[in-house]
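Student: Below are the structure tokens for one structure; questions will follow.
Each reported figure results from applying straightforward, stated rules to the coordinates on display, with no laboratory input. Just so it is clear, the model here is predicted, and its values are computed rather than measured. Quick reminder, even Gly has a Cβ in these numbers, built from the backbone with ideal geometry, and neighbours come from all protein chains shown.
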Amino acid sequence: MAPLLSARGLVKTFSGMAATDHVDLDIPANRIRGIIGPNGAGKTTLVHLLTGHLLPDTGSITFDGQDITQLPSHERVVRGLCRTFQVVDVFERLTVFQNVQIACITRQRRNLRFLTPSAREAREEVERALNEVGMWEFRHRRAEQLSHGQQRRLDLAVTLATEPRLCFLDEPTSGVSPRERDQMLELIRSLAAARRTTFVIIEHDMQLVFQLCDEVTVMHRGAVLAEGTPKEIQANEAVREVYLGEEV
Amino acid sequence: MAIPHNLLRGGVILLLLALAVAPFWAGNFGIYLIMQVMLLSLFALGFNLLLGYTGLLSFGQAGFFAVGAYVAALILLEVPSLLLGIVGGVLAAGLVALILGYLSVRLTEIYFTMLTLSFGMMIFSIVTRWRAVTGGDDGLTGVPRASLELPFLSIDLSALSSYYYFVLVVTILAVWLMHRIVNSPFGLTLQAVRDSAVRAGFVGLPIRRYRLWSFVIAGLYAGLAGALLAPMERTITPIYSHWIYSSEPVLASLIGGIYAFAGPIVGSVLFIGIKEVVVRSTEYWMLVMGIIVIALVLGFRGGVLGRFQAQQKGD
């Protein structure tokens, strides 16, 4: 089966420094993929390129058989390619309800309704999405009033409300408590099982990736160093060298 | 302490009643002042759709106000039809906003602000230099307060108190319309773009397009305020296109509160009221006005109405 997303020869340089250096990547559907690597390995740049936050210098990206290399990010979202950010990013002054609602309204292309009240738009979908991440009871709160862990969950709910087929989660547990980290892990696992969404987790927490993912890509200095199941990666000599001194 | 819904509704009804009988208690000068408040309110409501709801600070709104005022005046000087003049002025301002907005929304933050300031000043120089059409520094004089021609009905508005009712009705309709707009899916979309443009892009929103929509609506409201001003003052001068005039909706919105729908309206009442009192007592009115505005903006973070919202937070 053809991969859901594939990238060929992706290069992105910042003032002469190659952040990604001829990266080839295939993401098959319906598996949880982890992308790991030390700081500065080019993980986040790669996700920026794949989701359209940045455009590559050279190389190509196809999603579901179509070339999306030059497509702006909002059009990739419409085609089912979404993401969260490393630094949690929610609509701060909007309520939890409205945060998810805006994603639903956008997916249904109802943004240009000028005169109907928005209050009850897409209520059932919002309720479903917020229940999925356990945030329905906070629906009246403004996003800025939530704890960091709650904002992470909301961020995920907003992303899922775009109904992505492929969803990148950039360090979904950074900055949350150990308890919240485990909850997030469980949440991602159950979402992957319940939805037809393929998740790609970008992490430097290796243990989390090994616990959660079916397949792992290791990046180092802007290139793909190794790819395989968690077991294969743990046994890989080159990976051990990069993470020298760390328990892999 | 949020304002209870019933109290708010009662307050609005009382206000409308007071406005409806204003010509009987306020006198000509009084209704002239009230009209100034209404026009500034429209001007500021449009401006605040950009600032408070979309997160874009425009310093060129006087340009669109002036386009509305001049086009309405030019039409009225040729054809004595009030509706034609007003509609023409509004549409012209909207068109200019569409063109300049298309160029401006490519930038954000301070760069957007500077660009709108420059475009505003461009309109100012056209208005002062293009003597044959705009009358240059002298402006346009003798703009008639033409009758309102409706099917089977012609209403004479030449008296200021009659014209007052026209402005009142148009203002109420425009405020109502804006209230619908900000509470619609479109209004929610603008607020999402305001809070995080990047995140808005990643829920699938083409953010520039929505910024442009907001810019055009702000331009239409500025144009409406300008168009209504022309028959009221009967004289239009380039001062209305100067960037100093662009600061009036900015200040009115800041004083009233940019995150409250009625903020720009409350701010307009305070702005015109303070100005009127201060101008009478000193020739250094700008200095005094400045101090009062600074005190209000610092004393009421988030505007006078923001005060009520802030306390709502902990519910």
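Student: Within region B:226-242, count every residue that is polar (S, T, N, Q) and free of Cβ contacts under 8 Å to residues at least 60 places away in the same chain.
Tutor: Let us first name the residues in region B:226-242 that are polar (S, T, N, Q), namely B:235, B:237, B:241.
When the remaining residues are screened for being free of Cβ contacts under 8 Å to residues at least 60 places away in the same chain, the result is none.
Qualifying residue count for the region: 0.
Student: While we're here: I'm trying to understand the selection: among the residues of region A:104-119, which are more than 8 Å from chain B (Cβ to nearest Cβ) and at negative phi? Before you say what the answer is, go through the steps one by one.
Tutor: First, the residues of region A:104-119 that are more than 8 Å from chain B (Cβ to nearest Cβ): A:104, A:108-109.
Answer for region A:104-119, where residues must be more than 8 Å from chain B (Cβ to nearest Cβ) and at negative phi: A:C104, A:Q108.
Student: Out of B:F59, B:F29, B:F47, B:F65, which single residue is outside any helix (DSSP H, G or I) and under 23 Å from B:I239 (Cα atoms)?
Tutor: On the way: B:F29 fails: outside any helix (DSSP H, G or I); B:F47 fails: outside any helix (DSSP H, G or I); B:F65 fails: outside any helix (DSSP H, G or I).
Step by step, each of B:F59, B:F29, B:F47, B:F65 is checked, and only B:F59 is outside any helix (DSSP H, G or I) and under 23 Å from B:I239 (Cα atoms).
Student: Yes or no: region A:86-101 includes at least one residue that is without any contact (Cβ under 8 Å) to a residue 24 or more places away in the chain, part of a strand (DSSP E or B), more than 30 Å from A:E241 (Cα to Cα) and not acidic (D, E).
Tutor: no
Student: Given the conditions (1) within 14 Å of chain A (Cβ to nearest Cβ); (2) among the β-branched types (V, I, T); (3) touching a Ser or Thr at 6+ places or on another chain (Cβ under 7 Å), and given that B:V182 satisfies all but one, which numbered condition is not satisfied?
Tutor: (3)
Student: Could I ask something else about it? The conditions are (1) surrounded by fewer than 19 Cβ atoms within 10 Å (Cβ to Cβ); (2) in contact with a strand residue (DSSP E or B) (Cβ under 7 Å, 6 or more places away or on another chain), and B:S158 fails exactly one of them. Which is it?
Tutor: Going through the list (1) surrounded by fewer than 19 Cβ atoms within 10 Å (Cβ to Cβ); (2) in contact with a strand residue (DSSP E or B) (Cβ under 7 Å, 6 or more places away or on another chain), B:S158 breaks only (2).
Student: Can you pull out the residues in region A:57-103 that are among the aliphatic types (A, V, I, L, M), more than 8 Å from chain B (Cβ to nearest Cβ), touching a helix residue (DSSP H, G or I) at 6+ places or on another chain (Cβ under 7 Å) and within 25 Å of A:Q151 (Cα to Cα)? Can you show your working first?
Tutor: First, the residues of region A:57-103 that are among the aliphatic types (A, V, I, L, M): A:61, A:68, A:71, A:77-78, A:81, A:87-88, A:90, A:94, A:96, A:100, A:102-103.
Subset that is more than 8 Å from chain B (Cβ to nearest Cβ): A:61, A:68, A:71, A:81, A:87-88, A:96, A:100.
Subset that is touching a helix residue (DSSP H, G or I) at 6+ places or on another chain (Cβ under 7 Å): A:61, A:68, A:81, A:88, A:96, A:100.
Those that are among the aliphatic types (A, V, I, L, M), more than 8 Å from chain B (Cβ to nearest Cβ), touching a helix residue (DSSP H, G or I) at 6+ places or on another chain (Cβ under 7 Å) and within 25 Å of A:Q151 (Cα to Cα): A:L81, A:V88, A:V96, A:V100.
Student: Continuing with the same structure: Collect the residues in region B:53-78 that are of a type outside the set (S, T, N, Q) and either within 22 Å of A:F114 (Cβ to Cβ) or without any contact (Cβ under 8 Å) to a residue 40 or more places away in the chain (or both), keeping them in residue-number order.
Tutor: Of everything in region B:53-78, those that are of a type outside the set (S, T, N, Q) and either within 22 Å of A:F114 (Cβ to Cβ) or without any contact (Cβ under 8 Å) to a residue 40 or more places away in the chain (or both) turn out to be B:Y53, B:G55, B:L56, B:F64, B:G68, B:I75, B:E78.
Student: Could you please find all residues in region B:187-215 being over 11 Å from B:T54 (Cβ atoms) and at the interface with chain A (Cβ under 7 Å from one of its Cβ atoms)?
Tutor: B:L188, B:S196, B:V198, B:R199, B:G201, B:F202, B:V203, B:G204, B:L205, B:P206
Student: Let me ask another. Among B:Y221, B:Y259, B:Y245, which is touching a residue at least 12 places away in the same chain (Cβ under 8 Å), buried (at least 22 other Cβ atoms within 10 Å of the Cβ) and hydroxyl-bearing (S, T, Y)? It would help to see each step written out before you state the result.
Tutor: Working: B:Y259 fails: buried (at least 22 other Cβ atoms within 10 Å of the Cβ); B:Y245 fails: buried (at least 22 other Cβ atoms within 10 Å of the Cβ).
Residue meeting the stated conditions: B:Y221.
Student: Look through region B:161-185, keep the residues that are under 26 Å from B:R211 (Cα atoms) and among the polar types (S, T, N, Q), and return whichever of them is surrounded by the fewest Cβ atoms within 10 Å (Cβ to Cβ).
Tutor: Of region B:161-185, the ones under 26 Å from B:R211 (Cα atoms) are B:170-185.
After this cut, where a residue has to be among the polar types (S, T, N, Q) as well, the list is B:171, B:183-184.
Details: B:T171: 23, B:N183: 16, B:S184: 23.
Here the residue is B:N183.
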